[in-house]
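Visitor: Got a structure for you, written out below as structure tokens; questions coming shortly.
Nothing in this text is a laboratory measurement; each read-out follows from the coordinates by a stated rule. Values in this document were obtained by computation on a predicted structure and should not be read as measured data. Backbone-built Cβ (ideal geometry, glycine too); neighbour counts: all protein chains shown.
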Amino acid sequence: SQQGEEDPQALSIQEGENATMNCSYKTSINNLQWYRQNSGRGLVHLILIRSNEREKHSGRLRVTLDTSKKSSSLLITASRAADTASYFCATGANSKLTFGKGITLSVRP
Amino acid sequence: NAGVMQNPRHLVRRRGQEARLRCSPMKGHSHVYWYRQLPEEGLKFMVYLQKENIIDESGMPKERFSAEFPKEGPSILRIQQVVRGDSAAYFCASSPGIGAGGIYEQFFGPGTRLTVL
């Protein structure tokens, strides 16, 4: 069954705005990771948050994790056209990652 | 430090042929993972290998698919007698090991796009 489910499926915003993407999962995890994929390319690791962490920052990225609700959010502040990509959450357990279907983010210049 | 390398980047095969996909992990990484991505889908785990060992192949189809990670050389994902449904992007990832809490971040290669005619 699908572990990570992202929401919304697609998001279109103006450059400079913030983008918030959500991910829900079903089973227990020991970490959750967010990845970015540009069209036709491989995945780029953005951030990893462990199950005992609630919030983590990396540059313009902020990730939260609520294990009681089995959900995570990725916030990209001050978005840029170059942030246009698909974003995936992936839950990690026993060495393998389980990915959601992804969110397509379009940032209009 | 070179990243994860995969070749070929694009592979075209006719139904019934064999496809061999190669993955060289990042330097110092001894754990390799293969994932498959169908169009408009997320990645699906296939297999996790360490040198000379298959650790978890729970995502591998039972027939026609095999993977290896020999002591020397790249990891190979082999698909025998390909069918149209095998058309997908196949990604390899590597990690240095399993960290505290069960996992390190995985570093992905650019993928091999397999097209079966």
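Visitor: Would you mind checking which residues have amide H under 5 Å from A:Asn31's amide H? H placed 1.01 Å from N; only 5 or more apart, or other chain.
Guide: Long-range HN contacts for A:Asn31: A:Ser51, A:Gly92.
Visitor: Between A:Ala78, A:Ala90, A:Ala19, find the one with the highest GNM mean-square fluctuation for chain A; connect C-alpha pairs within less than 10 Å.
Guide: A:Ala78
Visitor: In a GNM of chain B with a 10 Å cut-off on Cα contacts, which of B:Val82, B:Val12, B:Val32 has the highest mean-square fluctuation?
Guide: B:Val12
Visitor: May I ask you to derive the FRET efficiency for A:Lys69 and A:Ala10 from their Cβ-Cβ distance with R0 = 22 Å, giving the value to the nearest 0.05?
Guide: After rounding to 0.05, the efficiency reads 0.45.
Visitor: When the Karplus curve 6.51 cos²θ - 1.76 cosθ + 1.60 is applied with θ = phi - 60°, which whole-Hz ³J(HN,Hα) does each residue of region A:49-66 get, with x for Gly and Pro?
Guide: 10, 8, 5, 9, 9, 10, 8, 8, 10, 8, x, 8, 9, 9, 10, 10, 9, 10
Visitor: So how much slack lies between B:Lys71 and B:Ile55, counting 0.36 nm per residue of separation and subtracting their Cα-Cα distance, in nm?
Guide: 4.3 nm
Visitor: If you don't mind, there's one more thing I want to ask. Average partner chain C-beta neighbours within 10 Å, per residue of B:38-51? Kindly include the intermediate steps, with their values, before the conclusion.
Guide: Values: counts 0, 0, 5, 4, 17, 11, 4, 6, 1, 1, 4, 0, 1, 0.
The shielding value for this peptide is 4.
Visitor: Now a separate question. Across region B:56-62, in residue order, what do the Karplus-derived ³J(HN,Hα) couplings come to in whole Hz, using 6.51 cos²θ - 1.76 cosθ + 1.60 with θ = phi - 60° and x for Gly and Pro?
Guide: Taking θ as phi minus 60°, the curve returns 8, 10, 5, x, 8, x, 5 Hz for region B:56-62.
Visitor: Rounded, prolate or oblate: pick one for chain A, where a ≥ b ≥ c are the square roots of the eigenvalues of its C-alpha gyration tensor, a/c under 1.5 means rounded, and failing that, prolate if a/b is larger than b/c, else oblate.
Guide: prolate
Visitor: Also, I was wondering about something else. Cut-off under 20 Å on the C-alpha distance; same-chain residues fewer than 8 positions from B:Lys71 excluded. Which aspartates and glutamates are left, in chain and number order?
Guide: Hits, sequence-local ones excluded: B:Glu52, B:Asp56, B:Glu57.
Visitor: Same structure again: Only sites in a loop by DSSP and with at most 12 other Cβ atoms within 10 Å count here; which trypsin sites (Lys or Arg not before Pro) in region A:9-109 make the cut?
Guide: Passing sites in region A:9-109 are A:Arg54, A:Lys69, A:Arg80.
Visitor: Provide the per-residue ³J(HN,Hα) series for region B:74-79, in order, calculated from phi with Karplus coefficients 6.51, -1.76, 1.60 and θ = phi - 60°, each as a whole number of Hz, with x at glycine and proline positions.
Guide: x, 7, 10, 10, 10, 10
Visitor: What are the aspartates and glutamates whose alpha-carbon lies under 16 Å from the alpha-carbon of A:Lys70, with same-chain residues fewer than 8 places away excluded?
Guide: A:Glu5, A:Glu6, A:Asp7, A:Glu53, A:Glu55
Visitor: Moving on to the next point. Under a GNM of chain B (C-alpha, springs under 10 Å), which listed residue has the highest mean-square fluctuation: B:Lys62, B:Lys71, B:Lys27?
Guide: In this elastic network of chain B, the residue with the biggest mean-square fluctuation among B:Lys62, B:Lys71, B:Lys27 is B:Lys62.
Visitor: Cα centroids of region A:1-42 and region B:37-101: how far apart, whole angstrom?
Guide: If you average the Cα positions of each part, the centres end up 23 Å apart.
Visitor: Moving on to the next point. Jot down the per residue volume, in cubic angstrom and as a whole number, of the convex hull over the alpha-carbon atoms of the protein assembly as shown.
Guide: Convex hull of Cα atoms, per residue: 124 Å³.
Visitor: Between A:Glu17 and B:Gln80, take the C-beta separation as r, use R0 = 35 Å, and let me know the FRET efficiency to the nearest 0.05.
Guide: Computed FRET efficiency for A:Glu17 and B:Gln80: 0.10.
Visitor: Please compute the length gained on full extension between B:Arg22 and B:Met5, using 0.36 nm multiplied by the number of residues separating them and subtracting their Cα-Cα distance. It would help to have the intermediate numbers written out before the result.
Guide: Working: separation 17, 0.36 × 17 = 6.12 nm, distance 0.82 nm.
Length difference between fully extended and current span is 5.3 nm.
Visitor: Evaluate the charge dipole of chain A about its Cα centre and quote only its size in Debye, nearest 20, assuming +1 on the Cβ of each Lys and Arg and -1 on the Cβ of each Asp and Glu. Working shown, then result.
Guide: Values: 14 positive and 9 negative charges, 50 e Å.
The dipole magnitude comes to about 240 debye.
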